[in-house]
Ligand SMILES: [Mg+2]
């Protein structure tokens, strides 16, 4: 089988309410899907994170000329070719996001060609349902956040994640309202989205620990590995980090300096399915729990589900409960969520489709 073309499709979904984290306000969500066509008539669907315009340009000008004519089953060799050809001008960022999307599409092609779900290609699903946490509760009025969090718990989720960090005192009001609404037994993850410096992260982390957080996510700059270790020694709350790190090379220093308790590779950003597996295995050897980050359209969700099904040591799928992704429309089998768990797709490939209706609706 040979690759005949590589295309990107970018979709936009307007949000009914602003999504705010500590360093960003969104009125719309963008999705970049990567389609890898083959001479067998099979098209693989991938998805990439990062700067959407840059990823599309990289795919068109840099990736496509290198991929056409190659065998899509040769996933590791394709990955190395694309990664090493960009590493001398950029070792992370959008080039690695582009490689991630292509790699995921090639797994989809292989699964479709062999008639098996991607989890089978990864060693077989060891579980059919994955325990998830509700994400995301963006910062807003405390009462609105509390009501929304309560709704997630009523749906069956036992963990809820919130984004704060922009307003120190008011953030404590938010945490208090959320904790009161969800009760003491539900896990509450706090995501700072990298905005604090070390000292602020320590001070705010101590204040926020009064609300018994399950983890404290990305409190400081992603590559300040030693800073994570410094905080981890001083705070009672477990540290989660990694959604902004790239490839095993980016995660090794974090694991080596014991900077986190939970490591969060993003399958659309860190290099794709195989890199997420390698990172998760390295985490296991370091005594760190791998809990993949997922803020995506349907492809990122499906790819993460297949990997987590094949790797039972990974924990807690990040599941978008904001209703602003396009999960339901893209999954071939109906999305099944029950008691805070999400069902792993069972059809060949990833189990996603990008129909003309979806494209027309969100283009
Ligand atoms: Mg995060």
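The values are calculated or read from the model by the stated rules, or taken from the named source; none is laboratory data. Small disclaimer: the values here were computed from a predicted structure and weren't measured. In this analysis, Cβ positions are derived from the backbone assuming ideal geometry, glycine residues included, and neighbour counts consider all displayed protein chains.
Within the range 301-321, can one find any residue that is at pLDDT 95 or above, closer than 27 Å to residue 19 by Cβ and over 18 Å from the mean Cα position of the chain (by Cα)? Among the residues of the range 301-321, not one is at pLDDT 95 or above, closer than 27 Å to residue 19 by Cβ and over 18 Å from the mean Cα position of the chain (by Cα), which makes the answer no.
Yes/no matrix, rows are residues, columns are (1) surrounded by fewer than 21 Cβ atoms within 10 Å (Cβ to Cβ); (2) part of a helix (DSSP H, G or I); (3) within 16 Å of the ligand (Cβ to nearest atom):
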position	(1), (2), (3)
295	yes, no, yes
299	no, yes, no
303	no, yes, no
308	no, yes, no
313	yes, no, no
319	no, no, yes
322	yes, no, yes
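Quick grid of which residues meet (1) outside the structural domain of residue 98 (by TED's automatic domain parsing); (2) under 20 Å from residue 171 (Cβ atoms); (3) away from the ligand (no atom under 16 Å from the Cβ):
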{"residue": "191", "(1), (2), (3)": "yes, yes, no"}
{"residue": "195", "(1), (2), (3)": "yes, yes, no"}
{"residue": "200", "(1), (2), (3)": "yes, yes, yes"}
{"residue": "203", "(1), (2), (3)": "yes, yes, yes"}
{"residue": "214", "(1), (2), (3)": "yes, yes, no"}
{"residue": "236", "(1), (2), (3)": "yes, yes, yes"}
{"residue": "244", "(1), (2), (3)": "yes, no, no"}
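Please specify each residue of the range 149-171 satisfying the condition of being touching a strand residue (DSSP E or B) at 6+ places or on another chain (Cβ under 6 Å) and away from the ligand (no atom under 16 Å from the Cβ). Listed by number, the residues that qualify are 149, 152, 157. Taken as a whole, the range 249-261 holds at least one residue that is crowded, with 24+ Cβ neighbours inside 10 Å, away from the ligand (no atom under 14 Å from the Cβ) and within 30 Å of residue 105 (Cβ to Cβ). Look through the range 195-224, keep the residues that are crowded, with 21+ Cβ neighbours inside 10 Å and part of a loop (DSSP other than H, G, I, E, B), and return whichever of them is nearest to the chain's Cα centre (by Cα). The selected residue is 218. Being in the same structural domain as residue 294 (by TED's automatic domain parsing), outside any strand (DSSP E or B), under 18 Å from residue 274 (Cα atoms) and touching a helix residue (DSSP H, G or I) at 6+ places or on another chain (Cβ under 8 Å) narrows it down to one of 125, 143, so name that one. Going through 125, 143 in turn, just one is in the same structural domain as residue 294 (by TED's automatic domain parsing), outside any strand (DSSP E or B), under 18 Å from residue 274 (Cα atoms) and touching a helix residue (DSSP H, G or I) at 6+ places or on another chain (Cβ under 8 Å): 125. Residues in the range 140-170 that are in contact (Cβ under 8 Å) with a residue 60 or more places away in the chain, crowded, with 22+ Cβ neighbours inside 10 Å and closer than 10 Å to residue 182 by Cβ: 3 in all.
Listed conditions (1) over 26 Å from residue 74 (Cβ atoms); (2) not in a loop (DSSP other than H, G, I, E, B) are all met by residue 277, apart from (1).
For the range 31-94, list the helices (runs of 4 or more DSSP H) that sit wholly inside it and hold at least 1 residues that are free of Cβ contacts under 8 Å to residues at least 40 places away in the same chain and within 21 Å of residue 266 (Cα to Cα); which are they? Steps first, please.
On the way: elements: 52-58, 64-67, 75-87.
Those helices (runs of 4 or more DSSP H) span 52-58, 75-87.
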